[in-house]
Ligand SMILES: *Cc1c(COP(=O)(O)O)cnc(C)c1O
């Protein structure tokens with residue numbers, strides 16, 4: 001089933017790229033494996049996937065040692081400052097930068113490990129009460145604030161678009177995120193680049209790719225539905 005799901009997602013990505021004349025190589029698929037057991041991740045790995053996304057620091061730590069070391073782990077969920085030290089040497093990118101205080105902590109921990117951590121600013125592009133992320137104006141301010149931190153490097157923007165039945169409803173938000181990236185890029189700030197747009201999930205990744213996504217985060221479309229027990233999410 002995983003193999004067929006992956007083949008299906010891959011075909012969809014190719015179709016979306018072709019539709020807007022983008023190269024397949026411009027889009028990276030992140031398999032969002034939260035709540036799923038390591039055996040399932042291993043199967044997806046065996047199909048050739050190397051990028052995995054998790055939304056909890058603890059889950060990354062639990063899975064990290066049980067799976068091959070060439071996996072590129074993406075932290076895509078809300079990150080508390082006291083958890084940064086646990087994942088700083090395990091993840092290849094943090095998609096959820098949403099405050100200067102978090103940036104400072106990532107910078108401190110990255111410095112300890114002598115690395116520069118790529119980060120994305122998470123933008124709550126539809127201004128939903130329930131979503132993490134900064135609004136568009138604050139994204140610009142945050143970029144200006146963090147550009148002097150030497151051990152983090154802002155590489156772009158991330159958003160979790162509204163949950164909708166029709167992905168067309170989110171096209172406007174993907175366009176807005178893209179435009180925001182263009183606007184921030186035009187300011188030519190030190191240490192800030194905007195080549196990465198992490199947008200699009202199972203319900204809307206085709207539309208996101210059409211609007212310029214470079215990273216798509218697909219969970220359900222690969223692993224199937226998630227079942228949460230009590231006291232989790
Ligand atoms: C869970 C999650 C996803 C994947 O969601 P699906 O709808 O299952 O594809 C993507 N991004 C973030 C930030 C998530 O938490």
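The values are calculated or read from the model by the stated rules, or taken from the named source; none is laboratory data. Remember, it's a predicted structure, so these values are computed and weren't measured experimentally. Note that we place each Cβ from the backbone using ideal geometry, even for glycine, and neighbour counts take in every protein chain shown.
Of note:
- Which numbered condition residue 151 misses (of (1) within 15 Å of the chain's Cα centre (by Cα); (2) surrounded by fewer than 21 Cβ atoms within 10 Å (Cβ to Cβ)): (1)
- From 146, 160, 164, residue being more than 16 Å from the ligand (Cβ to nearest atom) and modelled with pLDDT of 95 or more: 146
- Within region 111-131, the set of residues being over 19 Å from the mean Cα position of the chain (by Cα) and at pLDDT 95 or above comprises 111, 112, 113, 114, 115.
- Taking the numbered list (1) part of a helix (DSSP H, G or I); (2) surrounded by 17 or more Cβ atoms within 10 Å (Cβ to Cβ) in turn, residue 125 passes all entries but (1).
- Every residue from region 32-62 that is within 10 Å of the ligand (Cβ to nearest atom) and more than 18 Å from the chain's Cα centre (by Cα): none
- Looking only at region 209-233, and only at residues there that are within 11 Å of the ligand (Cβ to nearest atom) and assigned to a helix (DSSP H, G or I), the one that is farthest from residue 4 (Cα to Cα): 220
- Tally of residues being more than 24 Å from residue 28 (Cβ to Cβ) and in a loop (DSSP other than H, G, I, E, B) across region 144-188: 9
- For the condition surrounded by fewer than 21 Cβ atoms within 10 Å (Cβ to Cβ), under 21 Å from residue 117 (Cβ atoms) and within 16 Å of the ligand (Cβ to nearest atom), residue 78 qualifies.
- Some residue of region 12-25 being in contact (Cβ under 8 Å) with a residue 60 or more places away in the chain, surrounded by 18 or more Cβ atoms within 10 Å (Cβ to Cβ), farther than 22 Å from residue 167 by Cβ and within 16 Å of the ligand (Cβ to nearest atom): no
- Remark: residue 200 falls outside the filter, which requires a residue to be over 25 Å from residue 17 (Cβ atoms), surrounded by 22 or more Cβ atoms within 10 Å (Cβ to Cβ) and within 13 Å of the ligand (Cβ to nearest atom).
- Residue check, residue 185 more than 30 Å from residue 63 (Cβ to Cβ) and modelled with pLDDT under 95: no
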